[in-house]
Amino acid sequence: MIIVMKAGAAQKDKDEVLRRIKELGYTSHVIHGTTRDVIGAIGDERGKAALQALDSLHGVENVVPILQPYKLASFEVKREPSVVRISDNVAIGGSQVVIMAGPCSVESEEQILESALAVKKSGAHILRGGAFKPRTSPYSFQGLEEEGLKLLAKARDLTGLPFVTEVINPETADMVAAYADVLQIGARNSQNFALLKKVGQLGKPVLLKRGMAMTIQELLMSAEYIMSEGNQSVILCERGIRTFETATRNTLDLSAIPVLKGKTHLPVVIDPSHGTGNHHYVAPMCYAAVAAGADGLIVEVHPDPEHASSDGAQSLKPIKFDEMMKKLRLFADAGGRTL
Ligand code: PEP
Ligand code: MN
């Protein structure tokens with residue numbers, strides 16, 4: 001249920017609503033709007049009637065059920081788009097299209113520092129790089145783990161770029177959160193509910209990828225797992241889904257952008273690298289994503305893709321990334337966004 005407060009309702013009225021929600025055994029989430037606050041009361045659907053009675057409290061405009069199964073992620077509970085702050089000068093979901101770029105995996109100090117300097121020079125806002133890699137084969141490179149996180153932190157010190165890196169299990173999540181600016185939940189883990197709950201408790205923004213066989217509703221339910229633990233800083237990422245098509249690694253569902261924008265206030269970013277699996281197709285998908293209203297992109301860039309430990313075929317060389325960024329400005333501009 002959503003308790004919509006009157007515009008200018010007093011703090012003591014809100015406190016009373018919060019007290020009553022708690023008393024009824026529900027968890028409350030206050031969402032501050034531009035003109036009024038709304039309070040989400042989340043919990044067992046069966047006790048809805050008791051919550052409806054809060055209607056009569058002072059300062060309450062009305063009490064309405066949230067019709068969607070995802071509640072906190074829903075437009076019903078928050079009409080304005082959410083802006084997720086990453087650092088002092090980077091936020092996702094505002095007028096700026098935010099570019100995350102870097103290698104699939106952190107491989108060495110030289111490789112990550114060179115990548116970070118290159119993507120920064122071309123205008124990227126956030127560095128990406130995997131330290132823990134969820135590989136399909138147990139024999140593939142699994143990542144440098146904590147050493148990789150230290151190298152990412154070094155790249156941040158050098159360039160000032162915050163970084164996003166993947167967290168693959170609840171056991172190592174605290175360690176990753178101690179270094180990272182944004183926690184990535186990969187496609188293979190996006191319905192790992194224990195992991196989603198864990199990152200919901202960590203107080204760092206989360207980049208949640210869509211699983212390869214996941215519907216949009218399921219993606220929003222996974223976001224709900226994170227948000228219901230108290231972390232509202234969730235960024236959704238479409239990275240391609242599995243279809244019958246074999247010409248691309250996955251089928252990049254760009255229609256997810258307007259669909260999600262009609263259902264949720266959370267920012268939406270596109271990953272054209274995993275979405276296509278081929279560096280030739282990355283730039284056109286970047287342009288299309290921004291034209292369709294994406295709030296950001298996450299792009300794999302490697303100084304020497306031929307020798308990359310993972311995902312070389314879909315990684316852009318820095319020079320190609322630079323060319324893409326120059327052209328992308330035109331698309332951002334046409335869509336009324338900055339880059
Ligand atoms: C990655 O970002 O390198 C990655 C493993 O992505 P995904 O989970 O989308 O496959
Ligand atoms: Mn990758």
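Overview of values
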read-out: Reachable lysines from LYS121, criterion Cα separation under 30 angstrom, eight or more residues apart if same chain; value: LYS133, LYS150, LYS154, LYS204, LYS209, LYS317, LYS320, LYS326, LYS327
read-out: Alpha carbon centroid spacing (whole Å) that separates the range 244-291 from the range 141-190; value: 23
read-out: Over the range 2-64, relative contact order from alpha-carbon pairs under 8 Å, at least 6 apart, %; value: 48
read-out: Largest-first ordering by accessible area, 1.4 Å probe, given options LEU24, LEU202, LEU149; value: LEU24, LEU202, LEU149
read-out: Computed label-point distance, nm, for sites SER140 and GLU61 using a 7 Å Cα→Cβ extension; value: 4.9
read-out: Accessible area of GLU23 in the full protein assembly, 1.4 Å probe (Å², nearest 10); value: 120
read-out: Pairwise centroid distance, computed over Cα atoms, of the range 27-58 with the range 224-238, Å; value: 19
read-out: Check: the range 233-334 dipole with +1 on Lys, Arg Cβ and -1 on Asp, Glu Cβ, in debye; value: 240
read-out: Probe 1.4 Å, all protein chains present, accessible-area order of MET227, MET221, largest first; value: MET221, MET227
read-out: Nearest-20 debye value, the chain charge dipole, Cβ charges on Lys, Arg, Asp, Glu; value: 680
read-out: Anchor LYS6: lysines whose Cα lies under 17 Å away (excluding residues fewer than 8 positions away in-chain); value: LYS14, LYS78
read-out: Per-residue SASA entry for VAL164, accessible area with 1.4 Å probe, Å² rounded to 10; value: 0
read-out: Choice from GLN96, GLN11, GLN201 showing the highest fluctuation, given a GNM over the chain with Cα pairs closer than 10 Å; value: GLN11
read-out: Ranked order, GLU76, GLU306 - accessible area, probe 1.4 Å, largest first; value: GLU306, GLU76
read-out: Shape call, the range 84-334: gyration tensor on alpha carbons, a/c limit 1.5; value: rounded
read-out: Mean accessible surface per residue for the chain, computed with a 1.4 Å probe while every protein chain stays in place, in Å²; value: 43
read-out: Of ILE185, ILE168, ILE66, the one that fluctuates the most in a GNM where the chain has Cα springs shorter than 10 Å; value: ILE66
read-out: Overall form of the range 2-64 per C-alpha gyration tensor (a/c, 1.5; a/b vs b/c); value: prolate
read-out: Given charges at Cβ of Lys, Arg, Asp, Glu: the chain dipole, positive-most of VAL164, LEU127, THR35; value: THR35
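The values are calculated or read from the model by the stated rules, or taken from the named source; none is laboratory data. The shown structure was predicted, so the numbers you read here are calculated from the model rather than taken from an experiment. Heads up, the Cβs are rebuilt from the backbone with ideal geometry, glycines too, and the neighbour counts pull from every protein chain shown. Accessible surface is based on the protein model in full, side chains and every heavy atom, while ligands, DNA and RNA are left aside. Shrake-Rupley method; radii C 1.70, N 1.55, O 1.52, S 1.80 Å.
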